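Q: This is the structure, below, for whatever I ask next.
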Amino acid sequence: MPSLKISELARRLGCTAAGDTDLEITGVAGIEQAGPGHLTFLANTKYAPKAKLTKAGAMLVEKPVAGLELTFLISKNPYLDFARALEFFYKPPAPGHGIHPTAVIAPSAHIGDNASIGAYSVIGDDVVIGRNASIHPHVVIYAGARIGDDFTAHSNAVVREFCQIGNRVILQNGAVVGGDGYGFAKQADGTHYKIVQSGVAVLEDDVEIQTNTAIDRASIGETRVKRGAKIDNLVQIGHGSVVGEDNIICSQVGLAGSTILEKSVLLAGQVGISGHLTVHDNAVVYAQSGVGHDVPKGAVISGSPAYDARQWLRTITALPKLPELVRAVRHLQEEGTAESKP
């Protein structure tokens, strides 16, 4: 098991150490799970009572916690530095360097230097993949796809024909980039005629698509996920949609076709968005909201249909009192009726 002294951790993270700088750290853990050889973190002061009960040897903090006698690493961003520290102690396994003999790679495909391609992967005609690809077993990349440097695809990820992927993109298990959009035209006899999905899906640099998420190809044109967007498990990005730079899209979100999300939008879990609308920069949509209209820049909305989150909170607070309010209104009406009688 690797270990690092606090002094070395401080140097690598650019933090200031306070306490035993010779303390050996063998791993990182949460406040409640950490032991004497672990580094933990405190990023939110509401968890300070738990911090005082921790058994960790060291803690990343913005400032030392009064009454807590352990070694501190003083950080401007404890959560970020905790994430960086994880990388010193855990290295995820990669497929063996080189191309596994069971992988099937079309002669016309071009694979960049330093590739690792796992067992039973399939790479189609005219595919181009940049340097340092890490492709795990059972990945399928259809013909004509274009993929940049430092690409990682975990088992059962699929990149469909002619899709375009930038640099440092990660596809988790079961992610599908460029599956057919949901397009059908109703015929006179009531049956549905499939519309060819002739467009592509495009993922820009530093995008991560997590497990079992679908980025549909467009019927015409493109579906685009812009730089730095992070999309959680079980998300549906409908055809022709645009996911903006640095978006955070949590699990079980669904975007209908031609939705536009601008920069730094946050969609919490199970949000549903009807198509052909725009969610503008820095908007936040709370969990389980249903959005059927454009969302202004910086708005925070909730509910189904979604509206201003502060008004929604007042409404939800009042909701349990509605029966009492109805009885009071009826009582007042009855009193008014009685007083009006001669």
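Q: Would you be able to say whether some residue in the stretch 114-123 is closer than 16 Å to Arg168 by Cβ, outside the structural domain of Glu62 (by TED's automatic domain parsing) and out of contact with any strand residue (DSSP E or B) (no Cβ under 9 Å at 6 or more places or on another chain)?
A: Yes, the stretch 114-123 contains a residue that is closer than 16 Å to Arg168 by Cβ, outside the structural domain of Glu62 (by TED's automatic domain parsing) and out of contact with any strand residue (DSSP E or B) (no Cβ under 9 Å at 6 or more places or on another chain).
Q: Would you point out the residue of the stretch 9-29, among those that are free of Cβ contacts under 8 Å to residues at least 40 places away in the same chain and either out of contact with any helix residue (DSSP H, G or I) (no Cβ under 9 Å at 6 or more places or on another chain) or outside the structural domain of Leu73 (by TED's automatic domain parsing) (or both), that is surrounded by the most Cβ atoms within 10 Å (Cβ to Cβ)?
A: Step by step, filter the stretch 9-29, then rank; the result is Ala29.
Q: Suppose we keep only residues that are among the β-branched types (Val, Ile, Thr) and more than 12 Å from the chain's Cα centre (by Cα) within the stretch 200-224. Which one would you say is surrounded by the fewest Cβ atoms within 10 Å (Cβ to Cβ)? Show your work before the answer.
A: First pass over the stretch 200-224, keeping only residues among the β-branched types (Val, Ile, Thr): 200, 202, 207, 209, 211, 213, 215, 220, 223.
Now restrict to residues that are more than 12 Å from the chain's Cα centre (by Cα): 200, 202, 215, 220, 223.
On the way: Val200: 21, Val202: 22, Ile215: 30, Ile220: 13, Thr223: 30.
Of everything passing the filter in the stretch 200-224, Ile220 is surrounded by the fewest Cβ atoms within 10 Å (Cβ to Cβ).
Q: When you scan the stretch 157-174, how many residues do you find that are closer than 16 Å to Val235 by Cβ and either assigned to a strand (DSSP E or B) or touching a helix residue (DSSP H, G or I) at 6+ places or on another chain (Cβ under 6 Å) (or both)?
A: Here the count works out to 3.
Q: Can you find a residue in the stretch 41-62 that is in contact (Cβ under 8 Å) with a residue 60 or more places away in the chain and of a type outside the set (Lys, Arg)?
A: no
Q: OK, next. Please determine, by comparing only the residues of the stretch 130-142 that are touching a Ser or Thr at 6+ places or on another chain (Cβ under 9 Å) and in a loop (DSSP other than H, G, I, E, B), which one is surrounded by the most Cβ atoms within 10 Å (Cβ to Cβ).
A: Val139
Q: Right, something else. Could you tell me whether the stretch 214-224 includes any residue that is without any contact (Cβ under 8 Å) to a residue 12 or more places away in the chain and hydroxyl-bearing (Ser, Thr, Tyr)?
A: Taking every residue of the stretch 214-224 in turn, none turns out to be without any contact (Cβ under 8 Å) to a residue 12 or more places away in the chain and hydroxyl-bearing (Ser, Thr, Tyr).
Q: A further question on this structure: Assess whether Ala268 counts as being at pLDDT below 95, of a type outside the set (Lys, Arg) and either under 21 Å from Gly199 (Cβ atoms) or assigned by TED's automatic domain parsing to the domain that holds Val207 (or both). First the steps, then the outcome.
A: Details: at pLDDT below 95: no; of a type outside the set (Lys, Arg): yes; either under 21 Å from Gly199 (Cβ atoms) or assigned by TED's automatic domain parsing to the domain that holds Val207 (or both): yes.
No.
Q: Follow-up. Strands (runs of 3 or more DSSP E) wholly in the stretch 34-129 with at least 2 residues that are of a type in the set (A, V, I, L, M) and surrounded by 15 or more Cβ atoms within 10 Å (Cβ to Cβ) - which ones?
A: Output list reads 58-61, 71-74.
Q: Any idea how many residues of the stretch 175-206 are under 21 Å from Gly240 (Cα atoms) and either in a loop (DSSP other than H, G, I, E, B) or touching a Phe, Trp or Tyr at 6+ places or on another chain (Cβ under 8 Å) (or both)?
A: 21
Q: Going by the conditions given, is His97 at pLDDT 95 or above, out of contact with any Gly (no Cβ under 9 Å at 6 or more places or on another chain) and within 30 Å of Arg146 (Cβ to Cβ)? Talk me through it step by step, then tell me what you get.
A: Working: at pLDDT 95 or above: no; out of contact with any Gly (no Cβ under 9 Å at 6 or more places or on another chain): yes; within 30 Å of Arg146 (Cβ to Cβ): yes.
No, not satisfied.
Q: Ok, one more. Give the stretch 225-248 a look and list any residue that's surrounded by fewer than 18 Cβ atoms within 10 Å (Cβ to Cβ), basic (Lys, Arg) and either in a loop (DSSP other than H, G, I, E, B) or free of Cβ contacts under 8 Å to residues at least 12 places away in the same chain (or both), or say none.
A: Across the stretch 225-248, the qualifying residue is only Arg227.
Q: Looking only at the stretch 143-155, count every residue that is outside any strand (DSSP E or B) and surrounded by 20 or more Cβ atoms within 10 Å (Cβ to Cβ) and tell me the total.
A: 4
Q: Can you find even one residue in the stretch 294-316 that is under 25 Å from Asp205 (Cα atoms), aliphatic (A, V, I, L, M) and not in a loop (DSSP other than H, G, I, E, B)?
A: Looking for residues that are under 25 Å from Asp205 (Cα atoms), aliphatic (A, V, I, L, M) and not in a loop (DSSP other than H, G, I, E, B), one finds none in the stretch 294-316, hence no.
Q: Out of the residues in the stretch 1-25 that are under 29 Å from the mean Cα position of the chain (by Cα) and part of a loop (DSSP other than H, G, I, E, B), state the one that is farthest from Ser75 (Cα to Cα).
A: Among residues in the stretch 1-25 that are under 29 Å from the mean Cα position of the chain (by Cα) and part of a loop (DSSP other than H, G, I, E, B), the one farthest from Ser75 (Cα to Cα) is Gly14.
The values are calculated or read from the model by the stated rules, or taken from the named source; none is laboratory data. Computed from a predicted model, the values in this text were never measured in an experiment. Cβ atoms come from the backbone with ideal geometry, glycine included; neighbour counts cover every protein chain shown.
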